[in-house]
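The values are calculated or read from the model by the stated rules, or taken from the named source; none is laboratory data. A quick note: this is a predicted structure, and the numbers were derived from the prediction, not measured. A quick note on method: Cβ atoms are made from the backbone with ideal geometry, for glycine too, and the neighbour counts reach across all protein chains shown. Ligands, DNA and RNA are stripped out before the accessible areas are found, and what is left, the full protein with its side chains, is counted by its heavy atoms. Shrake-Rupley method; radii C 1.70, N 1.55, O 1.52, S 1.80 Å.
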Amino acid sequence: MEIIKIIGIGLISLILIIILKQYRPEFTIYISIIAGILILYLAFDKLTAIITVLTNLSNKTFINSEFLRILIKITGIALLTEFTVSICKDSGEAAIANKVDFGGKIIIISMSIPIISSLLETVLKILM
């Protein structure tokens, strides 16, 4: 089970960070980044399976595949933004974390405009 591996990496990293924080606090950010990358790597297989299932469902239901691509990209941006924000906060840079978070939200909103306009067009067609 991947969750056991993920929890193990998280707990081992936490213990290492607590120990290193006393003696070499500058190395704690590296452990945090490495742990995050390892966890993302373990979760990547599941993410690939999810994308495959969504693609198959999209093909069967004749949903516009461009919308599916946009939703997958938006989800990826949200995950990467959250990962970066967490690293920034762990290293004590809350101001940078807030700006990365804001930038990610703006990009997500701008990418979702085609879906929103298509939805509004559909609603208008139904109402008229």
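Worth pointing out:
- Solution diffusion estimate, µm²/s, Stokes-Einstein, the chain, Kirkwood Rh from C-alpha pairs, 25 °C, viscosity 0.890 mPa s: 140
- For the pair LEU57 and ARG24, a Förster radius of 41 Å applied to the C-beta separation gives a FRET efficiency near 0.25, rounded to the nearest 0.05.
- Given R0 = 30 Å, the distance between the Cβ atoms of LEU47 and MET128 translates into a calculated FRET efficiency of 0.15.
- GLU93 paired with LYS5, simple spin-label distance in nm, labels 7 Å along Cα-to-beta-carbon: 3.0
- Protein heavy-atom accessible surface, 1.4 Å probe, per residue over region 1-61: 78 Å².
- Calculated [θ] (222 nm, deg cm²/dmol) that DSSP helices of n ≥ 4 give over the chain, each run adding -39,500 (n - 2.57): -31500 deg cm²/dmol
- To put it simply, the accessible area of region 1-69 at a 1.4 Å probe is 75 percent carbon and sulfur.
- Note, ³J(HN,Hα) from phi for region 29-41, Karplus 6.51, -1.76, 1.60, rounded to Hz, x at Gly and Pro: 5, 5, 5, 4, 5, 4, 4, x, 5, 4, 5, 4, 4
- Length released on extending from SER86 to ARG69, taking residue separation times 0.36 nm less the Cα-Cα span: 3.5 nm
- Helix 94-111 and the longest principal axis of the C-alpha atoms of the chain enclose an angle of approximately 20°.
- Computed from the C-beta positions of ILE115 and ILE37, the FRET efficiency with R₀ = 35 Å rounds to 0.70.
- In degrees, nearest ten, helix 2-23 long axis to first principal axis of the chain (Cα): 40
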